[in-house]
């Protein structure tokens, strides 16, 4: 088949509806949809287990997980926003809830008065350890048992190679 320039539709074959992907393209799109939606639903279910058993909303658990792996278990608010994929206002709401619960505290930066750090408290570290245990048990029953450890490791390693920011992580 001749290559088609970007933005130019290739002519439909007689057995194809105009604008529809070819069979191979459709199969690829369906595989992606299955992977994406399956991982999203699994993640939602796993985080719901954590919330049900530990009382931590998914956004709160994700914030605590980021902080527990950050240097000094603290991070500037802008880093936390980037890690959560939230706006500044959204991150502030999460941090406000966590601070009210005594799980984090805000600290000024020694180097720059404009920067505010969010730091894990002892209660926050305990809470995230317990919640991580819930997540690990759920992962074992919902992922490792059906797939097996080797298959899961291979999938995780393959997917990790596609993450352009993976090398930037704290651990």
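What follows is calculated from the coordinates using simple rules that are stated; it is not laboratory data. Here the structure is a predicted model, which means the values were calculated and not measured. Heads up, the Cβs are rebuilt from the backbone with ideal geometry, glycines too, and the neighbour counts pull from every protein chain shown.
Per residue of the chain, the DSSP helices (runs of n ≥ 4 H) give a summed -39500 (n - 2.57) that works out to -18500 deg cm²/dmol at 222 nm. Short-range pairs are left out: with C-alpha atoms under 8 Å and at least six residues apart, the relative contact order of segment 45-162 is 27 percent. Model label points for residue 142 and residue 57, set 7 angstrom from Cα along the Cα-to-Cβ axis, are 1.9 nm apart. Applying 1/(1 + (r/R0)^6) with R0 = 25 Å to the Cβ-Cβ distance of residue 123 and residue 82 gives a FRET efficiency near 0.50.
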